[in-house]
Structures are given as structure tokens and as C-alpha cells.
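Working notes for the structure below.
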Amino acid sequence: MAAREEYILEVNNLVKHFPLGGGLFSKKQQAVQAVNGISLKVKRGETLGIVGESGCGKSTAGRTIIRLYEPTAGQIIFEGKDVTKAQGNDLMELRRNMQMIFQDPYASLNPRMTVGDIVAEAIDIHRLLTGQKRTQRIFELLKIVGLNPEHANRFPHEFSGGQRQRIGIARALAVNPSLIICDEPISALDVSIQAQVVNMLEELQQKLGLTYLFIAHDLSMVKYISHRIAVMYLGRIVELTSSKDLYANPMHPYTQGLLSAIPIPDPHVEAQRRRIIPKGNVPSPIDPPSGCYFRTRCPHAMDVCAKEAPELTEMGNEHLVACHLLKK
Ligand code: SF4
């Protein structure tokens, strides 16, 4: 039997633009440039965190990888198969193996469906189980996520935010996926519940051999679950390295700014914390700056930064950074 590939997912130069209706007299078709050529590889069994401020394109990237959105350009290889070209049954099968957990547990569950039917949604779509076997699988999934089989006949409004997110996780697990895209799964939850959900996701990963793409805007929580982290800014990856390395040695000026904003629990160290606040606001993704997209806010911007987009370059130890400053 052939060895299974080390990388479960490979994304090459992925682009997703959302065209806007051009004005009557406008010659140029405008577009929201949500994802602007990202490339990454995810190892089997690892968690790759994707972080950045809201609007940086991280959720759009996740949804395009699973083809909830059609890519504008680029290639997605999952389990050795080209997702970008898949159609019909092949696409159904790829989607079965790539599931998604959504940010808002209030909005992502149909209020008119029972928890049992919600959890079994993908089982029903793929016609995998019926009757008693389907019911048993629902009970099993509820137990895996720390809920009771009796919860199957209840409706989403009867549950707390944390419990609803557990239902969302059970739904994602129902068809034994190998990759789960977690789209800000803890952002809408109380801090005390966030840790519980993160711990549960980690346990499930170990037990079931899952791979996660964990999308978050909160760098402090993503640190605990991610093996590696990609930092996104205006639709591009600006830094990608191991979680440990990113926190110990952030190289990109944007990452340095994001990390400096995290409060430190030790009051003495916190008193010394120096915040690096990028100037101004994030530019519009409809008309991003030339060259490096971060140049309008970067304290180190040079002439070359307006002329050339820096490429993601290895700085040693698999630490990738896109910044002209580091090439001088
Ligand atoms: Fe700043 Fe230039 Fe580096 Fe961009 S390329 S982050 S503008 S120094």
C-alpha cells in the first residue's frame, strides 16, 4: 500500500476576489480582493492556525478551500486530489472529508431542526446510515462532544452557547472527516467556555487523528491549539512558522504589532509591555496599496516597499516571512 502523503492539504497561489458591479461610466471592473495569492501546506494530524484582524481574508480563505466559494485562481490539493477541478460525486466525496465548524453557534444551527437531525445532516446528505444505525450514531456523536443522548430530541434554543458549539462539532464529526476547518469557533463564546472547547478539540484531534485549520483573530488562544501559525494581512500571508517560534521571535512588523497587543498576566511584566500600534487603518481590499500591502501602516516602510510586493521567504528553521526589511 502506498504511503499516505505527509501533507493532507496544499494550497497554491489561491485567489478569491468578489466582483463589484462597475459604475455606468467606469471602465474598470472593481472587486473586493479578499484573498490575494496564498500558499500553504498542512501536515496530516497538525493544527495550522490562521490569524489576522477581521477583514484580512482568513475566513474567505477557509471557505474557498472547502469550495463554499469558487476560487478566482489557484490550486487546492486535498488528500492528493485537486479540489479546484472536482465536480459531481468527486466534489461530494471531498466535501465529506473536509468539514467546517462555524463561528456563530447561534446562527449556524437551524432553529427548527432537532439536535439529532442537525447532527445527522451530513449523514443524511451522503445517505450513509438510516433507522437504528443512524440513531445510534447520533447518540455516539453527542457523547463524544460531552452531551447526552436525550439531547437529540431537543431544539438549539434550549442550549447554551458552549453546548451549541458542541452540537456544531458533533455535526462536523458525523461523517468521519480527516480535515476540519474551524472558522473562529470560540470567538462568540465566554472566555471560560473558550478553553473548554479548545481542550475538547485537542482531545478529539488526538483520539480521531484529525487535522485542523484553525481560523482566529485572537492570537492568545490560537497559541494553545496551533502547531504552526500563518499571519494574514489584507488577503496575503505575511509570516508563517511554528507557534513557539512566532511568539518567541516574531519577524514581520505586523506580527510584532499584533503580539504586542496581548496583555501579559504578570503585573510587573505587563507594566513594562511596549505596544507597537500600526499607524492608521487597514486599507480597503477594493484598492490595496502597491507593493507591500502593509506599507501604509508600517513604521519601517522604505521606497522599495511601494514598488515590489515582498515574497514569503524562508529565514531558516521553516520560518517564512514576507518583508523587504529582512532581505537588506
Ligand atoms: Fe514594512 Fe516594507 Fe516590510 Fe512591508 S516590506 S512590512 S512596508 S518594511
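Values quoted throughout were computed directly from the atomic coordinates according to the rules given, and no laboratory measurement underlies them. Keep in mind the model is a prediction, meaning the values are calculated, not measured. FYI the Cβ positions are ideal-geometry reconstructions off the backbone, even for glycines, and counts take in every protein chain you see.
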Quiz item: (1) crowded, with 20+ Cβ neighbours inside 10 Å; (2) farther than 18 Å from residue 226 by Cα: which one isn't true of residue 161, the others all being true?
Solution: (1)
Quiz item: Just one of the numbered conditions (1) of a type in the set (A, V, I, L, M); (2) closer than 21 Å to residue 298 by Cα; (3) within 18 Å of the chain's Cα centre (by Cα) is not true of residue 216; which one?
Solution: (2)
Quiz item: Can you name the residue in segment 236-247 that is of a type outside the set (Asp, Glu) and out of contact with any helix residue (DSSP H, G or I) (no Cβ under 8 Å at 6 or more places or on another chain) and is also nearest to the ligand (Cβ to nearest atom) among such residues?
Solution: 236
Practice problem: Tell me which residues, restricted to segment 176-216, are over 21 Å from residue 109 (Cβ atoms), out of contact with any Leu (no Cβ under 8 Å at 6 or more places or on another chain) and in a helix (DSSP H, G or I). | Solution: 191, 192, 195, 199, 202, 203, 205, 206, 207
Quiz item: Where in segment 69-166 are there helices (runs of 4 or more DSSP H), lying wholly inside it, with at least 1 residues that are in contact with a Pro (Cβ under 9 Å, 6 or more places away or on another chain), free of Cβ contacts under 8 Å to residues at least 40 places away in the same chain and aromatic (Phe, Trp, Tyr)?
Solution: 131-144
Exercise. Might you check whether a residue that is touching a residue at least 40 places away in the same chain (Cβ under 8 Å), farther than 21 Å from residue 245 by Cβ and near the ligand (Cβ under 10 Å from one of its atoms) occurs anywhere in segment 300-308?
Key: no
Exercise. Look at residue 262 and say whether it is of a type outside the set (D, E, K, R), surrounded by fewer than 20 Cβ atoms within 10 Å (Cβ to Cβ) and outside any strand (DSSP E or B).
Key: yes
